Amino acid sequence: MTIAKPTRTKRMLDEECMREVCLFTARTFKTSHPVPYGALIVNTRTGKRLIRATNAVVREKDPSSHAELRAVRLACKKLKRVSLAGYTMYSTCEPCAMCMANAVWAGLDRVVFGATIADAASHCVQIHVPARQVARHADMACLVDGPVLRKLCCTLFTHPNMQRAFRSWKVGKRKPGK
Ligand SMILES: [Zn+2]
């Protein structure tokens, strides 16, 4: 009988990358602009890290500066190409419709998320379109996996510094029926 050598499974890599992007994102809590959103892009086959980014909407005064969108922009610049085929993106939170559409356009193999849009919605406003739904409606294939390490990613939203920042974001929910 031969005993298989323990190999790093996809699940192990997913959790390793999610933990990493979570810790990276938590570093913003020590800055004047704390955010719960971070993204990391890695080579799908080797797991080699390519780029990471956090949400910079307030910092850059740009409503599209979501972590996932910035990570894709930086990754394409770094690789000097528009396709991210062969790469996987890890996000601390399920990508919004804009970021998921962008991930599909970029040709990412896979998107793995931590907290869900519903988790995030209990702290701040969201667009309630599941990432899987965006992917399903696309002609291009992009796998969506998650939640992975959901509880850990949710702690990014409940951290006291983040809770304080949420209060200053002052983005109100629309009134019912409007
Ligand atoms: Zn987004």
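Just so you know, all these numbers are worked out from the coordinates, no wet-lab data involved. Here the structure is a predicted model, which is why all the values come from computation and not from measurement. Note that each Cβ is placed from the backbone with ideal geometry, even for glycine, and that neighbours are counted across all protein chains shown.
Placing +1 on the Cβ of every Lys and Arg and -1 on the Cβ of every Asp and Glu, with nothing else charged, gives segment 64-125 a dipole about its Cα centre of roughly 480 debye.
The C-alpha atoms of the chain define a longest principal axis, and helix 10-26 lies at about 30 degrees to it.
Lys-Lys pairs in segment 45-178 that are eight or more residues apart or on separate chains and whose Cα atoms lie under 20 Å of each other come to 5. With respect to the chain, whose longest principal axis is taken over its alpha-carbon atoms, helix 67-79 is tilted by about 50°. Ellipticity at 222 nm from helices only: DSSP H runs of n ≥ 4 in the chain, each -39500 (n - 2.57), divided by the residue count, give -12000 deg cm²/dmol.
Basic side chains Lys and Arg get +1 at the Cβ, acidic Asp and Glu get -1 at the Cβ, and with that the dipole of the chain about its Cα centre reaches some 400 debye.
In the chain, the DSSP beta bridges split such that about 55 percent are antiparallel, to the nearest 5. Angle of helix 160-169 to the longest C-alpha principal axis of the chain, folded into 0 to 90 degrees and rounded to 10: 60°. Note on Val58, Val111: ascending count of other Cβ atoms within 10 Å places them as Val58, Val111, the fewest first.
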